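Q: Here's a structure for you.
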């Protein structure tokens with residue numbers, strides 16, 4: 001029963017990391033779908049990176065193009081305001 005778990009035991013199935021000056025990294029149990037709902041085949045991968053710079057030739061996946069294009073974006077964790 002989930003209610004009896006400690007906060008440290010309630011781990012998310014997916015970890016998402018917004019890398020400074022780079023991609024968004026997904027680790028864990030996830031699926032990715034296009035706008036029509038069709039699922040991307042991930043070939044059994046449990047770790048992938050999504051493009052943030054817009055230059056990848058393999059969108060939505062990162063191919064490292066951000067390095068050659070000087071993409072710069074730093075993201076520090078913060079709290080969002082309460083949902084209205």
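Q: What are the residue pairs meeting all of these: first residue in region 59-84, first residue farther than 16 Å from residue 48 by Cα, second residue exposed (fewer than 12 other Cβ atoms within 10 Å of the Cβ), Cβ atoms under 6 Å, and 6 or more apart or on different chains?
A: Final answer for the pair search is 74/20.
Q: Select from region 20-52 the residues that are in contact (Cβ under 8 Å) with a residue 24 or more places away in the chain and assigned to a loop (DSSP other than H, G, I, E, B) and write down the one among them that is farthest from residue 76 (Cα to Cα).
A: Going residue by residue through region 20-52, those that are in contact (Cβ under 8 Å) with a residue 24 or more places away in the chain are 20-26, 32, 49-52.
Checking the rest, the ones that are also assigned to a loop (DSSP other than H, G, I, E, B) come to 20-23, 32, 51-52.
Values: 20: 9, 21: 12, 22: 13, 23: 14, 32: 25, 51: 18, 52: 15 Å.
So the residue we want is 32.
Q: Right, next: Among the residues of region 31-84, which ones are surrounded by 10 or more Cβ atoms within 10 Å (Cβ to Cβ) and at positive phi?
A: 54, 64
Q: Condition check: at pLDDT 95 or above, within 16 Å of the chain's Cα centre (by Cα) and in a loop (DSSP other than H, G, I, E, B). Does residue 78 satisfy that?
A: Working: at pLDDT 95 or above: yes; within 16 Å of the chain's Cα centre (by Cα): no; in a loop (DSSP other than H, G, I, E, B): yes.
No, not satisfied.
The values are calculated or read from the model by the stated rules, or taken from the named source; none is laboratory data. None of the values given here were measured: they were computed from a predicted structure. Glycine also receives a Cβ, built like all others from the backbone with ideal geometry; neighbour counts cover every protein chain displayed.
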